[in-house]
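A quick write-up on the structure given underneath.
The values are calculated or read from the model by the stated rules, or taken from the named source; none is laboratory data. Computed from a predicted structure; not experimentally measured. Positions of Cβ are generated from backbone atoms using ideal geometry, with glycine treated the same way; all protein chains shown enter the neighbour counts.
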Amino acid sequence: HAKALGSNSQVCFNPAMTAEIQQRYQLELALAAALAAGQFELHYQPQLTDSGKVVGVEALLRWQHPELGYVSPARFIALAEETGQIDSIGHWVLQQACAQLQRWQSEPKLRELIMSVNISARQFYQPEFIAQVQQCLSQYQFKPEQLMLELTESLILADLDDAVSRMQQIKQLGVRFSMDDFGTGYSSLSYLSRLPFDEVKIDQYFVRSASSGKPRDWVIVEAIIGIANTFGMKLIAEGVETQAQYELLRQSGCYCYQGYLFAKPAAAAETARWIDEHSPLS
Ligand code: C2E
Ligand code: MG
Ligand code: MG
Ligand code: MG
């Protein structure tokens, strides 16, 4: 059989591959039990303006497994999408984030925060998704404008018209959309004009180009900033790690930032404390 497929085909059956499949399967089983076992937690990373005011936070999923330890979303989110587990995990994330936003309504420095929630493509196209958003808005007390759903380009590639129509239905509820990781996918800049996004997030890959001596990438950053400003979309740079990156972004017309330079994602109480200490009132 291997011969028929050519001499390279044996790579398909090497032991390393089997180990990989086994590992993946173990992760899949662990993931299936994680939600019920209470192993998930949301962390929140502040988003700041030039003046240092914290205007929002991004909710980021954390998974602590008793044996596997901390598993990065970069490892398990894609798997959860493939297996469909993201449906229930994503719903849980949305509810947790909304519940947190409601809890923060009693804190003067936190009550106006925008809560950004990552939504996977599969979750977004689920028939129940719009109803789930609606349900969260009626169950939890905060302004719908405070909820920002982060979508990536991969989702739009599936079906542009369907994506627009779903986004519009959700926007009618008052909820807003952010285009995450912009510039890293395969979509064209023209999508930005066709999709009703309220915000564009400049991916950390491009933020790094600020100081990495890749002037051609920096030109793209400036183009993204220009287009977002022209279309009246909010701009935020993510993964800002150095003062040099921050200065360059600022000079180029960016005005909102998220990154380790300011604050790392942390549990709700810690983030609340950080905001209380670092953000000027109003
Ligand atoms: P993302 O949505 O682009 O989130 C930004 C990622 O950059 C986060 O990684 C964050 O911790 C990290 N980050 C923030 N500031 C810096 C910085 O200054 N330097 C560096 N190197 N990294 C920084 P994280 O939390 O590991 O999440 C990775 C990705 O997993 C996210 O990328 C998002 O695509 C996905 N993800 C996380 N939570 C969720 C979730 O609840 N639902 C879904 N569908 N996806 C999620
Ligand atoms: Mg995101
Ligand atoms: Mg991103
Ligand atoms: Mg990313």
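Considering (1) out of contact with any Leu (no Cβ under 8 Å at 6 or more places or on another chain); (2) within 16 Å of ligand 4 (Cβ to nearest atom), say which one V219 fails and leave the rest.
V219 satisfies all of (1) out of contact with any Leu (no Cβ under 8 Å at 6 or more places or on another chain); (2) within 16 Å of ligand 4 (Cβ to nearest atom) except (2).
Just need a number here: residues in region 242-273 that are of a type in the set (A, V, I, L, M) and either over 17 Å from V57 (Cβ atoms) or part of a helix (DSSP H, G or I) (or both).
Number satisfying all stated conditions: 6.
Run F231 past the list (1) more than 16 Å from ligand 2 (Cβ to nearest atom); (2) buried (at least 18 other Cβ atoms within 10 Å of the Cβ) and report the number of the one that doesn't hold.
(2)
Condition first: over 26 Å from L189 (Cα atoms) and within 18 Å of the chain's Cα centre (by Cα). Can you find one or more residues in region 113-122 that meet it?
yes
Across region 228-279, what is the number of residues that are touching a strand residue (DSSP E or B) at 6+ places or on another chain (Cβ under 8 Å) and small (G, A, S)?
Count: 10.
Has region 81-90 got any residue that is of a type in the set (S, T, Y) and in contact with a strand residue (DSSP E or B) (Cβ under 7 Å, 6 or more places away or on another chain)?
Checked against the condition, which is being of a type in the set (S, T, Y) and in contact with a strand residue (DSSP E or B) (Cβ under 7 Å, 6 or more places away or on another chain), region 81-90 yields no hits at all.
Between a residue in region 150-162 that is within 12 Å of ligand 1 (Cβ to nearest atom) and any residue that is at pLDDT 80 or above and charged (D, E, K, R), which pairs come within a Cβ distance under 8 Å, given they are 6 or more apart or on different chains?
Correct list of pairs: E150/E58; E150/D180; E150/K201; L151/D180; T152/D180; T152/D181; E153/D181.
Just checking, how many residues over region 52-76 are over 21 Å from I119 (Cα atoms) and in contact with a Pro (Cβ under 7 Å, 6 or more places away or on another chain)?
The qualifying residues number 3.
Filter region 242-281 for residues that are touching a Lys or Arg at 6+ places or on another chain (Cβ under 8 Å) and farther than 24 Å from V93 by Cβ and give the result.
Correct list: Q245, D276, S279, P280, L281.
Within region 177-212, how many residues turn out to be away from ligand 2 (no atom under 16 Å from the Cβ), modelled with pLDDT of 85 or more and either among the aliphatic types (A, V, I, L, M) or part of a loop (DSSP other than H, G, I, E, B) (or both)?
Qualifying residue count for the region: 2.
Within region 223-241, is even one residue in contact (Cβ under 8 Å) with a residue 40 or more places away in the chain, within 16 Å of ligand 4 (Cβ to nearest atom), within 21 Å of the chain's Cα centre (by Cα) and in a helix (DSSP H, G or I)?
Checking region 223-241: at least one residue is in contact (Cβ under 8 Å) with a residue 40 or more places away in the chain, within 16 Å of ligand 4 (Cβ to nearest atom), within 21 Å of the chain's Cα centre (by Cα) and in a helix (DSSP H, G or I).
So, of the residues in region 154-172 that are buried (at least 20 other Cβ atoms within 10 Å of the Cβ) and within 16 Å of ligand 2 (Cβ to nearest atom), which turns out to be farthest from the chain's Cα centre (by Cα)?
I156
Can you tell me which residue is farthest from C98 (Cα to Cα) among those in region 133-152 that are of a type in the set (A, V, I, L, M) and away from ligand 4 (no atom under 16 Å from the Cβ)?
Ranking the candidates gives V133 first.
This table checks each residue for (1) within 16 Å of ligand 2 (Cβ to nearest atom); (2) touching a residue at least 24 places away in the same chain (Cβ under 8 Å).
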residue	(1), (2)
Y70	no, no
A97	yes, yes
Q102	no, yes
N118	yes, yes
F129	no, yes
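Kindly indicate whether D161 is of a type in the set (D, E, K, R) and within 16 Å of ligand 4 (Cβ to nearest atom).
No; evaluated as a whole, the condition is false for this residue.
Can you tell me which residue within region 111-132, out of those that are more than 11 Å from G90 (Cβ to Cβ) and in a helix (DSSP H, G or I), is farthest from ligand 4 (Cβ to nearest atom)?
Applying the filter and picking the extreme gives A131.
Out of region 90-138, which residues are away from ligand 1 (no atom under 15 Å from the Cβ) and among the aliphatic types (A, V, I, L, M)?
Within region 90-138, L110, L113, I130, A131, L137 meet the criteria.
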